[in-house]
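Participant: After the structure tokens below, expect a handful of questions from me.
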Amino acid sequence: QVQLGESGGGLVQAGGSLRLSCVVSGGTFSEYVMGWFRQVPGKEREFVASISRSGTFDEYEDSVKGRFTISRENAKNTVYLEMNSLKPEDTAVYYCRGWRGFFYGAYSDSVWGQGTQVTVSS
């Protein structure tokens, strides 16, 4: 019953910025850790960033540290990914993901959004 909807992707030149949004419906947003993943053809979907239920803690993949910022606004049931200083290698489909736990090294009760395309031109 929980659904995630991403938006904000598009085409941008290298060095530019985009803000992705993910709206969660059908569940209690504050119960979910939220994150962003990305995938390009022929490669595994990879972790980009995550943020705790309270918004207090966040984590980033090394290649985006200092450039991307994840945040959440619980009153709007929304998680964001601010993407700055974009590089062509950031081009991918970006997916929003929520999960209620991470037990024994595995995500628990997770749900994925449909994805939004980000294309960075050189």
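Participant: Using a simple spin-label model with points 7 Å from Cα along the Cα→Cβ vector, what separation in nm is obtained for Lys87 and Glu46?
Facilitator: 1.0 nm
Participant: Restricting things to alpha carbons, tell me how big the chain is in terms of Rg and Dmax, in Å.
Facilitator: Calculated on Cα positions, Rg and Dmax stand at 13.7, 41 Å.
Participant: State, to one decimal in nm, how far the label point of Glu31 lies from the label point of Lys65, with both points 7 Å from Cα in the Cβ direction.
Facilitator: Output for this residue pair reads 3.4 nm.
Participant: Between the DSSP loop rule and a limit of at most 12 other Cβ atoms within 10 Å, which trypsin sites (Lys or Arg not before Pro) in the stretch 63-122 are left?
Facilitator: Sparse-neighbourhood loop trypsin sites (Lys or Arg not before Pro): Lys65.
Participant: I would also like to ask the following. Nearest 0.05, what FRET efficiency do Asp109 and Leu11 give at R0 = 41 Å with Cβ-Cβ as r?
Facilitator: 0.75
Participant: Okay, next question. Express the accessible area of the stretch 55-102 per residue in Å², computed with a 1.4 Å probe while the remaining protein chains stay in the model.
Facilitator: Per-residue value: 50 Å².
Participant: Still on this structure, I have one more. Is there a quick way to get the dipole size of the chain? I mean about its Cα centre, with the Cβ of Lys and Arg at +1 and of Asp and Glu at -1; what is the value in debye to the nearest 20?
Facilitator: About 140 debye.
Participant: Rank Gly26, Gly98, Gln114 by how far each Cα sits towards the positive end of the charge dipole of the stretch 1-120 (+1 on Lys, Arg Cβ; -1 on Asp, Glu Cβ) and give me just the farthest.
Facilitator: In the stretch 1-120, that residue is Gly26.
Participant: Using alpha-carbon pairs under 8 Å, 6+ residues apart, how would you state the relative contact order of the chain in percent?
Facilitator: Rounded, it is 35 percent for the chain.
The values are calculated or read from the model by the stated rules, or taken from the named source; none is laboratory data. As the structure is a prediction and not an experimental result, all values here were calculated from the model. Ideal geometry is used to build each Cβ from the backbone, glycine not excepted, and the neighbour counts take in all protein chains shown. Surface areas here come from the heavy atoms of the whole protein model, side chains and all, with no ligands, DNA or RNA. Shrake-Rupley method; radii C 1.70, N 1.55, O 1.52, S 1.80 Å.
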